[in-house]
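Comments concern the structure below.
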């Protein structure tokens with residue numbers, strides 16, 4: 001019997017049916033957790049879904065609504081903004 005979804009790229013999940021049989025379901029793997037570009041800490045507020053599913057989410061659920069949201073953690077983004085503001089005031 002041909003099983004087109006029985007590839008190693010898909011996760012195998014064992015499920016028990018109401019009739020008591022044990023079957024295998026094939027599901028796509030979840031992507032890795034997003035990390036900060038500077039300190040490599042895990043980013044909060046970013047869902048672990050595939051790229052196709054991200055397009056279907058609302059904009060507020062895709063990433064945090066602050067500058068550098070989704071790229072830098074809150075600590076690194078705060079440091080970067082402070083550095084840029086210091087450079088701006090030095091020029092004046």
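Of all residues in the stretch 60-92, exactly one satisfies the criterion of being touching a helix residue (DSSP H, G or I) at 6+ places or on another chain (Cβ under 7 Å) and over 23 Å from residue 50 (Cα atoms), namely 67. Quick check on my filter: what residues within the stretch 7-39 are surrounded by 10 or more Cβ atoms within 10 Å (Cβ to Cβ), more than 13 Å from the chain's Cα centre (by Cα) and without any contact (Cβ under 8 Å) to a residue 12 or more places away in the chain? Within the stretch 7-39, 23 is the sole residue that qualifies. Given the structure, is residue 50 in contact with a strand residue (DSSP E or B) (Cβ under 8 Å, 6 or more places away or on another chain) and at pLDDT below 95? Here the answer is yes, as residue 50 does meet what is asked.
The values are calculated or read from the model by the stated rules, or taken from the named source; none is laboratory data. No experiment lies behind these values; they were computed from the predicted model shown. Neighbour counts are summed over all protein chains in view; Cβ atoms, including those assigned to glycine, are modelled from backbone coordinates with ideal geometry.
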